[in-house]
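Contents: one structure, followed by commentary.
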Amino acid sequence: MAYKISVQKIEKSHIGEVDFKNLPFGKNFADHIFIADYSDGEWRDCRIVPFGDFTLHPATSALHYGQALFEGMKAERDAEGNPIIFRPEKNIKRLNVSAERMAMPTFPEDLFFEALDKLLTLDHDWVPKEPNSSLYIRPYMFATEKYVGIKVAENYRFAIFSSPVGAYYSQPVKVYVHDQYVRAFPGGVGYAKAAGNYGACMLPMRDVRKLGYDQNLWLDGIQHKYLQEIGTMNVFAIIDGVIITPSLDAGTILDGVTRDSIIRIAQDEGYVVQERDISIDEILHAHSKGTLEDMFGTGTAATIAPIRTFYYKGKDYELPPVEGREISNKLKERYFAIHSGKAEDVFGWIHTVPVNVLQN
Ligand SMILES: Cc1ncc(COP(=O)(O)O)c(C=O)c1O
């Protein structure tokens, strides 16, 4: 179905003010934003307008009761310079999984793609040409009902904006395995990309940053024993050549797009991949035997981030030098090559932004 998306172009682009050779994460914003509002059971007033502030009523319910969620994905340029987006269908499906869990309306997939293509066509100059840079795309939704009282809201806003970004981490990361705070537990919202999950992690994140670590590596919420995920990344370990990552079964971790891509690339390369429970004791045991070859995080923003150190109960554990991590370096190389359109898209993961969508 073709939706009516009105377009109001910015009078003068501010792209000239941005230093594309030195892009901090998440601080520059492209010229336009897509917005749709939900009322009486339907998404309405779909529009692309110049990027700018929202006006919110003080009783906007998302601000009080937290019905808010988001997504994150990236666009790069293929060899011909066309903007390409990596696996956006996974993001809209996950957004709708999060929406269901938060009792929010789902967003139609076909409207999402129409909006995305129109927005990226308009803002295609914002997709960086520089290496190790990309256009981070942020779809999100929040309850806009003006109401004080706890109930499922009847009004929502969905929006997509984008931000040209460089690397998220410039160095291998140090993670802190928490045995006090937890992020999620079975029956909770761990699998949803709900804003509150991130708000709840701010205090432990601030604490570990003060201690010199980049992120928390969460353990499960019941036994404080099994690895879950890291800040905004899924976690992998390689023990004796076997690639292991926590399974999604408990519904406590995010079904990461990068996680899935790494699993599929690894299987395609012939590696053994296990999605299963992995305890901190198993990690410590492998470390002591010298069979813990690698640990790394995966996420759209951070891509594949090698872990150089993990802290657990009063002690830092060092991991092997990154240069020697043959398996993850190989997976990373192939992931980047597919993501940037340089390698053949054998998995069908690349969405090319059609250039003519504004004429339709
Ligand atoms: C909590 C959490 N886990 C894992 C991930 C990685 O997911 P993806 O690879 O889809 O970016 C993210 C980032 O979106 C996240 O916020």
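Miscellaneous remarks
- Remark: segment 270-360 carries a charge dipole of roughly 160 debye about the Cα centre, counting +1 on each Lys and Arg Cβ and -1 on each Asp and Glu Cβ.
- Across the chain, the relative contact order, built from alpha-carbon pairs under 8 Å that are at least six residues apart, equals 19 percent.
- Only aspartates and glutamates eight or more places from Lys151 in sequence, or on another chain, were considered; those with a Cα closer than 19 Å are Asp37, Asp40, Glu42, Glu100.
- Given charges at beta-carbon only (K, R positive; D, E negative), |dipole| of the chain in Debye: 740
- Charge tally in the Cβ shell below 14 Å around Ile92, where Lys, Arg are +1 and Asp, Glu are -1, Ile92 excluded: -2
- The chain: most fluctuating residue of Lys118, Lys74, Lys330 per GNM, C-alpha cutoff 10 Å: Lys330
- The HN-Hα couplings worked out from phi for segment 100-108 by the Karplus form 6.51 cos²θ - 1.76 cosθ + 1.60 (θ = phi - 60°) are 4, 5, 9, 6, 10, x, 6, 10, x Hz, whole numbers, x standing for Gly and Pro.
- Protection-proxy order for peptides 274-287, 60-73, each taking the mean of Cβ atoms within 10 Å per residue, highest first: 60-73, 274-287
- Within the straight-line cut-off of under 17 Å between alpha carbons, the aspartates and glutamates reachable from Lys118 are Asp31, Asp45, Glu76, Glu89, Glu109, Asp110, sequence neighbours fewer than 8 places apart in one chain being disregarded.
- For segment 6-167, the antiparallel share of DSSP beta bridges with both residues in that region comes to about 95%.
- Residues Leu211 and Thr291, FRET efficiency given R0 of 30 Å [Cβ-Cβ distance, rounded to 0.05]: 0.60
- All other residues whose Cβ lies under 15 angstrom from that of Gly81 are scored, Lys and Arg at +1 and Asp and Glu at -1, for a net of -3.
- Count Lys and Arg as plus one, Asp and Glu as minus one, and take only other residues whose Cβ is under 11 Å from that of Val208; the net charge is then +2.
- Across segment 294-308, computed HN-Hα scalar couplings (Karplus, 6.51 cos²θ - 1.76 cosθ + 1.60, θ = phi - 60°) run 6, 9, 8, x, 10, x, 4, 5, 8, 6, 10, 10, x, 9, 9 Hz from first to last residue, x flagging Gly and Pro.
- Relative contact order %, segment 82-220, counting alpha carbon pairs below 8 Å whose residues are six or more apart: 22
- Tally of Lys pairs whose C-alpha atoms are under 28 Å apart, taken over segment 173-339, 8 or more apart or cross-chain: 21
- Of the peptides 323-329, 170-176, the ranking by mean beta-carbon count within 10 Å, highest at the top, reads 170-176, 323-329.
- Amide H to amide H distances under 5 Å link Phe185 with Gly190, where only residues 5 or more positions off or on other chains count and H is placed in the peptide plane.
- Those lysines that a straight Cα-Cα span of less than 17 Å connects to Lys129, excepting residues fewer than 8 apart in one chain: Lys21, Lys74, Lys342
- R0 of 56 Å, Cβ-Cβ distance Gln223-Asp19: FRET efficiency to nearest 0.05: 0.70
- Rg over Rh [alpha-carbon atoms, Kirkwood Rh] for segment 12-73: 1.04
- Overall, the anisotropy analysis places segment 146-201 in the oblate class: the square-rooted eigenvalues a ≥ b ≥ c of its C-alpha gyration tensor yield a/c not less than 1.5, with a/b not exceeding b/c.
- Close amide-amide hydrogen proximity is noted between Ala343 and Ile338, each under 5 Å apart and 5 or more residues distant or on a separate chain (H modeled in the peptide plane; Pro and chain starts excluded).
- Mean separation of Cα contacts under 8 Å (6+ apart) over length of segment 6-167, as relative contact order %: 35
- Cβ charges +1 (Lys, Arg) and -1 (Asp, Glu), total dipole of segment 62-189, debye: 520
- Packing-based ranking, highest mean first, of 15-23, 133-141, 197-205 given that Cβ atoms within 10 Å are counted: 133-141, 197-205, 15-23
- FRET efficiency, 1/(1 + (r/R0)^6) with R0 45 Å, evaluated for Ser279 and Asn155 via beta carbons: 0.50
- Think of segment 83-158 as a dipole: +1 on every Lys or Arg Cβ, -1 on every Asp or Glu Cβ, centred on the Cα centre; then among Pro128, Leu116, Asn155, Asn155 lies furthest on the positive end.
Read-outs: derived from the displayed coordinates by stated rules, not from any lab. The structure displayed is predicted, hence computed values, not measured ones. All Cβ positions, even for glycine, are placed from backbone atoms using ideal geometry, and neighbour counts span all protein chains on display.
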